[in-house]
Every structure is written in C-alpha cells, then in structure tokens.
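The structure appears right after this line, and notes come after that.
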Amino acid sequence: MNNLESGFESPVYITRPLLPDLQQINEKLLEIVNSKKVTNMGAQHHELERRLKQYLNVEHMTLFNNGTMALLLGIKALGLQGEVITTPFTFPATVQALDWNQITPVFCDIEPHTLNIDPTKIEALITERTSAILGVHVFGNPCDVYQIQEIADRYGLKVIYDAAHAFGTTVNGVPIGTFGDMSMFSFHATKLFNTIEGGALTYRDSDLARTLNLLKNFGIAGEDDVQLSGLNAKMNEIQAGIGLEVLRLVDEERARRQELLTIYLDELRDLPGIKFVTTQNDGSSSLQYCVIRVIEESYGESRDWLYQELRKYNIYARRYFYPLCSEFAWYQHLESTRAENLKVAQQVSSEVLCLPFYGELGATSVRKICRIIRQLHRM
Ligand code: T4K
C-alpha cells in the first residue's frame, strides 16, 4: 500500500536568494567600511561591472540599483516615445517603465511554446507612433530575436529586451545581452544572480554609456555641471560587493538547478494535463524558473485548484504572470487590451504555475513535491 505524503514542516517557497556565507559577507563589508566609499560608483561597482561584462560576454554594460530603474532610464536614453509594442505576459515593471516615460504600451499576443511576444502578430500593430518593440525573455527562454530584428529593421524601430530572467541565456551560443539595441537584467534577490536589489543594461551603441551614467546620477557631469534631468539609480558598494561574492556561486547553482529540473521532468512529464514550459536541458537556459502549465481538460482540475491545494502542504508555488498586464485598470481604454486580441496570453495566464526551484531546495524535497502533485492528481 502506498503511503500518502504529508506536507512540509516549514514553508517551501518558489525561490530563496543565493547568498554567500556570513564570513564572506563580513569580510566584504569590512573592506567596504574601511574604504569609506560606500556608494557613487566606487571600487566594488567598477569591479562588478567588469566581471559581469566578462560573464555575460557583452561589450557595454551599466549597473543600476534595480532592474526597473535600469529599464526606465534605458527607454529614456534611447529616446523612445509614442507607442511601444510589448507583451502582456510579464511582471508589472516592464510596462510601468513605459508608463513613466509617457509611452503607450501596445499589447501583442504571445507565442504558445516560449510564451514570448509572437513575432507573427507584431507587424499588424505597427502605426506611425510606434518607436520600438519591447520583448521579454519570459522565464529565461529567448524571444525569436532574429525575426523581431528583421521586422524592426524593416520599419526603422528600436528593439529593447527585458532580460530580467535571462542571466546566462544564450541563443545558438550567442549571449542574450547582445541582441537588439539594449537589454535589461534584474539582480533582485529572487534572481539566479543577485545583488539583493540591482540591475544592469547591456547595449550595442557605446555612446549610450555616457548618457546612462548621467541619467542614473541626477545628470551630474561635474561639481558645477548638471547636463540632464536624471534620477538616483546608482548601485551602492554593498550591493556590488555582495554581487561579486554571489557571482562566484552562480555556476554551481546552475548545475544544482539543472539536476532539479531533470527530476521534475522525470517525475511529472507523464502526468496527464501537466505540460512543462522550461524544457531546454542543453545549457542554453538561464534556469531561472521551473514552470508548468496545468491543462484543466486533461488534468481534471484547474491551475488555481492545484495552487491552493499545494498551499495546504506548505508549498508556495506562484502564478507568474497572472493577471496579465493588459488587465490593469489604467489600460482598459486601450484597444490592444481587448481579450479577443490576446487569446493565447489569456489562456496561458490561467494555466501557468512556477514550482519551487533553487539549488538549496535539494533533490529530496523536489521528489516530495512531485509525489504530492501526483497524489493530488489521483484524489
Ligand atoms: N521584468 C521582469 C520580467 C521581472 O520579472 C522583474 C522582476 C522586473 C522586470 C523588475 O526587476 P527588479 O526591479 O525587481 O530588479 C518577485 C521579485 O521581487 C521581482 O524582482 C521579480 N521580477 C518577480 C518575478 O518576483 P514578487 O512580488 O513575486 O516577490 P515576493 O516578495 O513575493 O517573492 C517571491 C518569493 O521569493 C517569496 O515567496 C519568497 C522568496 N523570497 C523573496 C525575497 C524578496 C525570499 O525567500 N527572500 C527574499 O528576500 O516579485
């Protein structure tokens, strides 16, 4: 007779921050405190920028205090205006960065496999006011970067990517941060690589470096020279110093996540109604999330039912991204938010579930989560 699994004793979250041990943090803090330079682009900041350029294999990079400010100021630096075509299936920050630049988002439906903006639907949304395409590499799976670039070139549009989830993603071996005009990375505590809060822009045009460095520091070019209307979006020395320590841990964390993803796939792949979104097992994925879709017709219950049931076992899966950004109240006057134009996104947003996924979770816990999901299916 099979024993039924009981829940976890303490809550199991979708992720936990990857952090160095306390001794390493203490040593780093001592170095920063002794230097007396704690923010405004000090030694830690410069060293992190240098190392991240190497790690992500990009030529140009500017650090920020978080991903949202990076995207907001990146859009400003590129001089985008009017309308920007983007995806509704993303975190609010993507579209809020447009809002703060007085740009109207035009929502484009997503493609059912990668869940990224569907390039075949972009062209019909281009108007005289369109200045750019803003794609999101959702869950670290790359957009169709080649087709998007081809459309942008034909219409003279800029291309900007929200690569918040895509740290280390590659496309045919090419680093993700080299596509389009600009890409934004988030280094929030919940990301594979983190600086607690933090972010960066990578970009094609080296001239942007000067503008971005001004924009993130009040537009200050010298003690008596303020050249642009900027903001305060600087990464401080403690963020950068911790980032340098976290960066040492990233490769091992990726290897651990690879093992956990394999277990999830092996244990759940044959379960009726469970479909995996993150399936690249070839080293090209950032391994940011492990995402399933719950197909109600074949699973027999809805995604929301499974989400609620898992909570009874102390498992806190997350419904990224639900609701869609196109459902936010302040966009309801926009034609592009109409549900009939966003059928795939609507469907996907009611089916996705991100499962707990971080190295420290370990194989035993992942196997237990899988057994719980299987036993819930039989009930
Ligand atoms: N674009 C995209 C596509 C994004 O996904 C994001 C951020 C951005 C842009 C903006 O980048 P940033 O400005 O944030 O750099 C979390 C993160 O806060 C957010 O950064 C992330 N996306 C989003 C997908 O996830 P919430 O609202 O789900 O956070 P929260 O606090 O519910 O955390 C999720 C779980 O993580 C918790 O249940 C437990 C665990 N956790 C979280 C924190 C903060 C920890 O164990 N320790 C922690 O310190 O947004």
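Brief remarks follow.
- In the stretch 1-32, the qualifying residues are those that are surrounded by 15 or more Cβ atoms within 10 Å (Cβ to Cβ) and farther than 19 Å from residue 194 by Cβ, and the one that is modelled with the highest pLDDT is 12.
- Of the strands (runs of 3 or more DSSP E) that lie entirely inside the stretch 9-122, those containing 1 or more residues that are among the acidic types (Asp, Glu) and more than 16 Å from the ligand (Cβ to nearest atom) span 83-86.
- Candidates 231, 287, 249, 208, filtered to the one that is surrounded by 15 or more Cβ atoms within 10 Å (Cβ to Cβ), closer than 19 Å to residue 185 by Cβ and modelled with pLDDT under 95: 287
- Check on residue 201, within 16 Å of the ligand (Cβ to nearest atom), under 23 Å from residue 239 (Cα atoms) and of a type outside the set (Asp, Glu): yes
- Residue 291 passes every criterion in (1) among the β-branched types (Val, Ile, Thr); (2) touching a strand residue (DSSP E or B) at 6+ places or on another chain (Cβ under 9 Å); (3) part of a helix (DSSP H, G or I) apart from (3).
- Top-ranked residue of the stretch 309-335 - restricted to ones that are under 24 Å from residue 114 (Cα atoms) and part of a loop (DSSP other than H, G, I, E, B), ranked as farthest from the ligand (Cβ to nearest atom): 328
- Residues of the stretch 158-186 satisfying the condition of being assigned to a loop (DSSP other than H, G, I, E, B), within 13 Å of the ligand (Cβ to nearest atom) and in contact with a Phe, Trp or Tyr (Cβ under 6 Å, 6 or more places away or on another chain): 163, 165, 167
- Among the residues here, residue 96 qualifies as without any contact (Cβ under 8 Å) to a residue 40 or more places away in the chain and not aromatic (Phe, Trp, Tyr).
- For the stretch 294-305, a tally of residues being part of a loop (DSSP other than H, G, I, E, B) and of a type outside the set (A, V, I, L, M) returns 3.
- Residue satisfying all of: in the stretch 123-138; surrounded by fewer than 24 Cβ atoms within 10 Å (Cβ to Cβ) and more than 18 Å from residue 77 (Cβ to Cβ); farthest from the ligand (Cβ to nearest atom) among these: 128
The values are calculated or read from the model by the stated rules, or taken from the named source; none is laboratory data. In this text the structure is predicted, and so the values were computed from the model without any measurement. Neighbour counts are summed over all protein chains in view; Cβ atoms, including those assigned to glycine, are modelled from backbone coordinates with ideal geometry.
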